[in-house]
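Taking it in order: structure first as structure tokens, then the write-up.
Where a number appears in this text, it was derived from the coordinates with a stated rule and is not lab data. In this text, all values refer to a predicted model and were calculated from it rather than measured experimentally. Here the Cβ positions follow ideal geometry from the backbone for every residue, glycine too, while neighbour counts run over all protein chains shown.
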Amino acid sequence: MSAFTLADLERIIAERAKASPEESWTAKLIAAGPERAAKKLGEEAVEAVIAAVKGDRDELIAESADLLYHLLVVLLSRDVALRDVLSQLEARTVRSGLAEKAARSR
Ligand SMILES: N=c1c2ncn([C@@H]3O[C@H](COP(=O)(O)OP(=O)(O)OP(=O)(O)O)[C@@H](O)[C@H]3O)c2ncn1[C@@H]1O[C@H](COP(=O)(O)O)[C@@H](O)[C@H]1O
């Protein structure tokens with residue numbers, strides 16, 4: 001199994017963001033601004049949802065890859081580090097999602 005992680009992809013994205021928009025999709029998205037990157041993220045999310053509803057495994061894998069890549073580009077565009085998202089997820093591991101949801105509505 002590949003040892004490739006989202007942290008590896010985050011590093012690649014940060015590096016490619018400095019390239020010319022003519023030679024890098026990442027640089028092109030970053031240059032277009034956070035709103036454009038966020039719009040692309042939304043499109044990829046919808047495509048992943050459609051693949052999930054259809055039950056097309058290969059399409060779901062491909063669209064999920066697009067989705068995660070574009071999420072990392074959006075995080076970079078707003079100066080949010082992946083580790084901050086992971087810290088948030090780690091903090092949530094102390095209780096179940098149902099307990100967290102119940103606490104929210106109180
Ligand atoms: N993982 C990805 C990745 N996933 C998807 N994409 C690109 O995301 C783009 C959007 O996909 P679409 O099918 O929606 O493309 P489109 O229809 O042409 O988009 P629109 O212009 O119409 O909005 C495509 O150009 C894909 O190639 C990615 N581009 C880059 N990466 C990673 O980022 C690295 C650096 O890429 P560059 O920045 O392009 O050098 C690559 O080596 C990869 O590791």
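What to note about this one:
- Contact order normalised by residue count of the chain, Cα under 8 Å, 6+ apart, percent: 23
- Here's the list of aspartates and glutamates a cross-link from K40 could span, going by alpha-carbon distance under 14 Å and ignoring same-chain residues fewer than 8 apart: E63, D66.
- Taking all pairs of distinct alpha-carbon atoms in the stretch 15-106, Kirkwood radius in angstrom: 15.1
- Likely footprinting exposure, L41, L98, L68, fewest C-beta neighbours within 10 Å first: L98, L68, L41
- GNM flexibility winner over the chain from G55, G42, G33 (Cα, springs under 10 Å): G55
- Angle of helix 34-54 to the longest C-alpha principal axis of the chain, folded into 0 to 90 degrees and rounded to 10: 60°.
- Between A31, A91, A17, the residue with the greatest mean-square fluctuation in the GNM of the chain (Cα pairs under 10 Å linked by springs) is A91.
- Pairwise label distance in nanometres, A103 with A45, each label 7 Å out on the Cα-Cβ vector: 2.4
- Inter-probe distance in nm under a simple model that places probes 7 Å from Cα toward Cβ, at E90 and D8: 2.1
- For K39, a cut-off of 24 angstrom between C-alpha atoms picks up these lysines, skipping any fewer than 8 places away in its own chain: K18, K28, K54.
- Applying the Karplus relation 6.51 cos²θ - 1.76 cosθ + 1.60 with θ = phi - 60° to the stretch 24-32 yields 3J(HN,Hα) values of 9, 5, 4, 5, 4, 5, 4, 5, 6 Hz, where x marks Gly and Pro.
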